[in-house]
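Engineer: Pasting in a structure now, in structure tokens, and then I'll have a few things to ask.
The values are calculated or read from the model by the stated rules, or taken from the named source; none is laboratory data. Note that this is a predicted model, so its numbers are computed, not measured. Backbone-built Cβ (ideal geometry, glycine too); neighbour counts: all protein chains shown.
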């Protein structure tokens, strides 16, 4: 295995670690994800797949794509953290500004659990999970770019 592949796999493993952490919070601590949390997971899933692809088909441009995908995920994390901090508005269907009673909510036969995107369910050192996802994602972008540039 080349140094390039090892570095790319390290970046993909970082995304896998973030996904495992998210699933531990979801299933181990009963913290259901909001809509924007789910958005943040997709780039990491794609990065994991790209890492596996590099393992079987070494190609530097796949590493560049991995960096781009995780950069998008970090951007979503910044956006979500800003929504949580009320710096800007988020999607109206998962924030306190846009929820209204609808026919679905009036149907009491099924439980409705809307996880709010503008509520911080957990934070460490004053940084929410979305904020940590952004910070760690940007770190992973650096590793993906290093993989791309490694001879």
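Engineer: Would you please list the contacts, defined by Cβ atoms under 6 Å and residues six or more apart or on different chains, that run from a residue in the range 74-90 that is without any contact (Cβ under 8 Å) to a residue 12 or more places away in the chain to a residue that is surrounded by fewer than 21 Cβ atoms within 10 Å (Cβ to Cβ) and in a helix (DSSP H, G or I)?
Structural biologist: Final answer for the pair search is 88/82.
Engineer: Looking at 38, 76, which is the one that is modelled with pLDDT under 95, within 18 Å of the chain's Cα centre (by Cα) and more than 18 Å from residue 10 (Cα to Cα)?
Structural biologist: 38
Engineer: Residue 12 versus (1) modelled with pLDDT under 95; (2) within 17 Å of residue 144 (Cβ to Cβ): which is the lone unmet condition?
Structural biologist: The one condition residue 12 does not meet is (1).
Engineer: Can you say whether residue 22 is touching a helix residue (DSSP H, G or I) at 6+ places or on another chain (Cβ under 7 Å), assigned to a helix (DSSP H, G or I), closer than 13 Å to residue 144 by Cα and touching a residue at least 12 places away in the same chain (Cβ under 8 Å), as far as the supplied structure shows?
Structural biologist: Spelling it out, it is not the case that residue 22 is touching a helix residue (DSSP H, G or I) at 6+ places or on another chain (Cβ under 7 Å), assigned to a helix (DSSP H, G or I), closer than 13 Å to residue 144 by Cα and touching a residue at least 12 places away in the same chain (Cβ under 8 Å).
Engineer: Tell me which of these residue 86 doesn't satisfy, since it passes every other one: (1) at pLDDT below 90; (2) more than 18 Å from the chain's Cα centre (by Cα).
Structural biologist: It is condition (1) that residue 86 fails.
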